[in-house]
C-alpha cells in the first residue's frame, strides 16, 4: 500500500503528522493532518503491504503484529533499533532501481497454488518495506537514532521509507525529536487501528499517481 493532535482516548485520536520543511534531496510526504473522518478502509486494507515493526516490548510487539496480519499485511519484527536499521537497509533497492511493488498494490493470491503463494510471500519479504512502525525507546539503538541512520542511507539511494513513530507520550517535545530524526508520523501506544489506517490512507494518497 501506498509516506507524527492529541486526546486522552487513543481509539478516537487522530495520528500526529509531523510538519517540517521539505528536503532538497528527497521530498517528504505532504504534511497534511489526517482527520478522524477519513475513510478507514476494509478489513483487508493492508493487503500487500510489507511492514516492519520495531518494538522491544514483547506483548506490544505481538499485539501490533496480530493487528497488522489480520488487516492483510506481511509483517517482520525486531526488538531493537540496530536490527531495524540493518533490516531496512538490507531490503532497500540499489540506486537507480525501482520499488518492486508500489504502495497500495494488492496481491491476488486466491487463485494461486500453495507453492506460488509461498514464493510470493518469500518475494514480498525481500522487497523494501512499505512502512516501518518504530518504537522511540528501544535498547542498543533507540528509534530516533535508528531512523536517522536509515535516512542517511536513503538519501544516497534516493529512496524514502515511511517511518511511523510509536511513543507512549504525545507531547511537543516528542514531535520535535521525531522531526529531527526524519520520521513522518507518530502514534501513541498501544496502537489504535483507526489511527493507523488514517496514516496509511494519507501515505496512499501521497503516492497515488496524478
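Read the figures in this text as sums done on the coordinates, not as results from a lab. Remember, it's a predicted structure, so these values are computed and weren't measured experimentally. Counting neighbours? That spans all protein chains shown, and the Cβs are built from the backbone with ideal geometry, glycine included.
Structure above, values below:
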| quantity | calculated |
| --- | --- |
| Size of the range 159-210 as Cα extents on the principal axes (Å, biggest first) | 35, 25, 15 |
| At R0 = 30 Å, FRET efficiency that the Cβ-Cβ distance of residue 62 and residue 208 yields, to 0.05 | 0.40 |
| Square roots of five times the Cα gyration tensor eigenvalues for the range 123-210, Å | 20, 18, 13 |
| Taking 166, 141, 71 and counting other C-beta atoms within 10 Å, the order from fewest to most | 141, 71, 166 |
